[in-house]
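Engineer: Here's a structure for you.
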Amino acid sequence: MRCSRCGANVVEGDRFCENCGAPVAVQAGPVCPVCGQQSEPGIRFCQQCGAELSAGSQPAQPVPTAQPVPAAQPYQAVQQYAGQYGAAQPGAVFPPQAVQPPVQPSRPGESAGKGKKKTALIVGIIIAVLVVALAAGFGVWWFMLRDSGTQSAQTQSTSQQSGKTKSGDSKAAKDDKPCTAAPDAELSSVDHSDTNLVAQLQLTSNCASTKDGDTAEFKESDVKVSIKDDDGNVIASAVFDFSKQPVKFNGETANVALEFTTRQYWRPYDQIETGSAEVILQTGQSGTGEAGSADGDALAGSDIDSEDAERYAQLALSWQLKHDESAASRFYTTYTTQLSSKKNDMKADGKTWHYVDIYEQFLQQRIKHKNAILIWSGDYPTYTKADASTAYYVILSGDTVDSVKAGDAWCKSNGYGAADCAVVDLQ
């Protein structure tokens, strides 16, 4: 389009000519034939009443855009329009409010029916949309309410079942214990593998039962297993890692074999009373050193604290001396062979001997010679007649020989030299 003042090209949408500054006429839309409202260009329906703007509707005439009146210049009215409501003549200046052209009224009845029908259609569509939205909202609310009621019922049922478990019998209370709880144990039998003690235990689970009636596996690490005699003396103790060999229960019980080295038990295997022995399992206990390898299905353990082991060994030596008194009495009148003579803190064979070492040697000899016994040198004339202060733990083979010569032959046949084996009688 061109400027009405200077004829220069004007970009569509500009309000003023970039060449001379004259205002650019604004193209207005058609006038509604029903209500007389001026509409925007390109609109088919009246924005006021919804009536259709037919092709024959008379468009509103272009209205020139107002140009602000300079402060020092008096107001100038509109001089004339180009044609009827045409563009302003060059030089005309408009007041801040643009002059509205007169609206061309439509003839009575023209397009009124179409406008009313269109309005009714739009209103009907809006009502239908509102009804659908309300129905959908009600459906969502109903499902949420139903789900809330179901969850509440489930929660109440769970709470009631929990209350029944707590008020149930002792079996239910036992099942509530965590699966990390150490099982109860009984000593079924004892044997040996070479010089090691093999203890067969029957375990009773303290874990909750599963759906199939079985219990979860007991697979705790660092579990100290101690065996005591009927006097409360610890006769075996080691720390086992059941995570390497979990205990699988058949119902509530399971059998397990544990192997103890000669530094982990303090009673000859055939002198342990299984019926009166007590077995204690303690979780969360630390062992020392590495666990050795065990034979068969047995599980090996690591050593307990060295101070505890030393104390148990000393008590075991005292128990053994008393136990073997009657067996030693027969060697007043006959001969046997001596295999060792040691005392605590004695330096011999390249090391310092302690109670654990002395009792370990006795257990080893006891496996090798089933009649071996332990005596205290200060209790027998053979040792005290030369030195009344003698104080040694002496290991005797316990085998009877008729003479010194026969005793020497026994030592040689069992692989001992003169420094390791001697023929003695206790008289």
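Engineer: For residues that are part of a loop (DSSP other than H, G, I, E, B) and open to solvent by less than 40 Å² (accessible area, probe 1.4 Å), tally how many sit in region 180-207.
Structural biologist: From region 180-207, those part of a loop (DSSP other than H, G, I, E, B) are 180-183, 194-195, 205-207; that's our starting set.
Checking which are open to solvent by less than 40 Å² (accessible area, probe 1.4 Å) leaves us with 181-183, 195, 205-207.
Adding up the residues that qualify gives 7.
Engineer: Still on this structure, I have one more. Hey, VAL394 hits all of (1) under 57 Å from the mean Cα position of the chain (by Cα); (2) open to solvent by 70 Å² or more (accessible area, probe 1.4 Å); (3) closer than 21 Å to LEU317 by Cα but one; which does it fall short on?
Structural biologist: It fails just one condition, (2).
Engineer: Of all residues in region 15-35 being at pLDDT below 70 and not in a strand (DSSP E or B), which is most open to solvent (accessible area, probe 1.4 Å)?
Structural biologist: The residue in question is GLN27.
Engineer: Limited to region 389-427, what total is found for residues that are touching a Lys or Arg at 6+ places or on another chain (Cβ under 7 Å), modelled with pLDDT of 95 or more and not in a strand (DSSP E or B)?
Structural biologist: Going through region 389-427 one residue at a time, the tally reaches 1.
Engineer: Taking strands (runs of 3 or more DSSP E) that do not extend beyond region 223-294, which have at least 3 residues that are within 31 Å of the chain's Cα centre (by Cα) and over 30 Å from ASN371 (Cα atoms)?
Structural biologist: Where strands (runs of 3 or more DSSP E) fall fully within region 223-294 and carry at least 3 residues being within 31 Å of the chain's Cα centre (by Cα) and over 30 Å from ASN371 (Cα atoms), they are 253-260, 278-282.
Engineer: Scan region 256-296 for residues that are open to solvent by 70 Å² or more (accessible area, probe 1.4 Å), within 13 Å of LEU201 (Cα to Cα) and out of contact with any Lys or Arg (no Cβ under 8 Å at 6 or more places or on another chain) and report the count.
Structural biologist: Total meeting the criteria: 1.
Engineer: Moving to a separate point now. Can you find, within region 212-222, the residue that is modelled with the lowest pLDDT among those that are part of a loop (DSSP other than H, G, I, E, B) and open to solvent by less than 60 Å² (accessible area, probe 1.4 Å)? Show your work before the answer.
Structural biologist: Narrowing region 212-222 to residues part of a loop (DSSP other than H, G, I, E, B): 212-214, 216-217, 219-222.
Okay, now just the ones that are also open to solvent by less than 60 Å² (accessible area, probe 1.4 Å), so 213, 216, 220-221.
Working: GLY213: 57, ALA216: 71, GLU220: 93, SER221: 92.
Taking the candidates together, the pick is GLY213.
The values are calculated or read from the model by the stated rules, or taken from the named source; none is laboratory data. It should be emphasised that the depicted structure is a prediction, and the values quoted were computed from it without experimental measurement. Positions of Cβ are generated from backbone atoms using ideal geometry, with glycine treated the same way; all protein chains shown enter the neighbour counts. Surface accessibility is based on the protein's heavy atoms, side chains included, excluding ligands, DNA and RNA. Shrake-Rupley method; radii C 1.70, N 1.55, O 1.52, S 1.80 Å.
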